[in-house]
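Here is the structure we will look at.
The values are calculated or read from the model by the stated rules, or taken from the named source; none is laboratory data. Bear in mind that the values here come from a model prediction, so they are computed numbers and not experimental data. Because the Cβ atoms are built from the backbone with ideal geometry, glycine has one as well, and the counts that use them run over all protein chains shown. Heavy atoms of the whole protein, side chains included, go into the accessibility calculation; ligands, DNA and RNA do not. Shrake-Rupley method; radii C 1.70, N 1.55, O 1.52, S 1.80 Å.
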Amino acid sequence: MLSNCSRFLLSNATKCAGCQRFLHTSPRSFAETTQNIFDRRAKLIQNERAAINPDLDNYDFLKEEIGYRLSDRLLDVSRKFDVAVDVGSGRGWVTRHLTEHSVGRVTAIDLSPGMLDSAPDGEVKAERIVMDVDGADLPFNDASVDVVTSCLSMHWVNDLPRLFREIHRVLKPDGVFIGAMFGGDTLMELRVSLQLAELEREGGFSPHVSPFVEVRDLGSLLNRSKFTMITIDTDDLKVGYPTIFPLMRDL
């Protein structure tokens with residue numbers, strides 16, 4: 001029987017193909033203070049603008065791919081999940097691929113109403129809730145959810161430890177948490193290029209790429225949030241661009 005199992009997939013979107021598996025065994029210490037790095041209101045405005053872009057499907061190929069992989073991971077667990085929750089659901093990257101064979105009902109949560117409204121209906125019809133999960137309580141009773149999923153949205157969350165604790169709270173004792181985040185080496189080429197260019201022109205540089213979580217830190221955060229049987233897979237996905245400008249358009 002699973003006991004609050006957590007299986008996380010980290011994507012380094014600028015690496016070569018390959019896969020490594022990490023099993024976390026030892027806890028680390030983290031300060032309790034939370035630093036608000038990301039402006040959630042600005043993120044909402046960005047998502048709402050993106051939701052009405054008629055060419056959005058041309059730019060969401062990575063989320064579509066990772067969402068499919070996450071939904072496929074549910075089939076690794078040999079039972080049906082009666083109650084599922086998709087955190088940071090966006091345009092239904094995970095929910096569009098869920099089947100009645102693996103999930104009974106699903107609730108999709110996202111900051112952006114425009115993104116939720118543009119999500120296609122899948123085989124399992126999703127209830128949609130608009131809310132900001134950063135620093136908030138999830139609208140579910142304790143131990144009431146069988147599986148929680150999340151696809152490439154948690155890297156924008158300021159208070160990630162609290163969100164992990166909330167997910168653990170709503171999961172049943174044998175519940176499962178399966179999610180994906182961008183890993184620490186994501187956009188490394190862009191980060192280095194901007195730093196070198198700014199050093200050459202300005203004599204110093206400022207960060208222009210958001211920080212991403214490291215594998216060892218993610219495992220420690222999950223362990224500290226009382227998850228057990230933690231498995232973290234790292235997928236290196238390489239996407240080539242001829243210049244920086246097509247990359248910036250996709251971002």
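Worth a mention:
- Residue that is most open to solvent (accessible area, probe 1.4 Å) [pool: residues in the range 182-194 that are over 14 Å from Val215 (Cβ atoms) and either in contact (Cβ under 8 Å) with a residue 12 or more places away in the chain or not in a helix (DSSP H, G or I) (or both)]: Glu189
- In the range 106-113, the condition of being at pLDDT 95 or above, open to solvent by 20 Å² or more (accessible area, probe 1.4 Å) and of a type outside the set (Val, Ile, Thr) is met by at least one residue.
- Residue within the range 96-115 that is on the phi > 0 side of the Ramachandran plot, within 14 Å of the chain's Cα centre (by Cα) and in a loop (DSSP other than H, G, I, E, B) present: no
- Among the residues listed as Arg91, Arg79, Arg69, Arg73, the single one being basic (Lys, Arg), within 19 Å of Ser150 (Cα to Cα) and assigned to a loop (DSSP other than H, G, I, E, B): Arg91
- Single residue of the range 195-230 satisfying the filter (open to solvent by 50 Å² or more (accessible area, probe 1.4 Å) and under 15 Å from the mean Cα position of the chain (by Cα)) that is nearest to Leu70 (Cα to Cα): Glu214
- Close Cβ contacts (under 9 Å, 6 or more residues apart or on different chains) running from residues in the range 139-166 that are touching a residue at least 40 places away in the same chain (Cβ under 8 Å) and closer than 13 Å to Val85 by Cα to residues that are of a type in the set (Gly, Ala, Ser) and open to solvent by 20 Å² or more (accessible area, probe 1.4 Å) comprise Asp146/Gly104.
- Hits in the range 140-177 (condition: within 15 Å of Leu218 (Cβ to Cβ), part of a loop (DSSP other than H, G, I, E, B), touching a strand residue (DSSP E or B) at 6+ places or on another chain (Cβ under 8 Å) and not polar (S, T, N, Q)): Leu152
- In the range 72-89, of all residues being of a type in the set (Gly, Ala, Ser) and open to solvent by 10 Å² or more (accessible area, probe 1.4 Å), the one that is nearest to Pro139 (Cα to Cα) corresponds to Gly88.
- Close pairs (6 angstrom Cβ cut-off, 6 or more residues apart or separate chains): touching a residue at least 24 places away in the same chain (Cβ under 8 Å) in the range 198-213, part of a loop (DSSP other than H, G, I, E, B) and among the small types (Gly, Ala, Ser) anywhere: Phe212/Gly184
- Residue that is least open to solvent (accessible area, probe 1.4 Å) [pool: residues in the range 114-171 that are among the small types (Gly, Ala, Ser) and within 21 Å of Gly183 (Cβ to Cβ)]: Ser150
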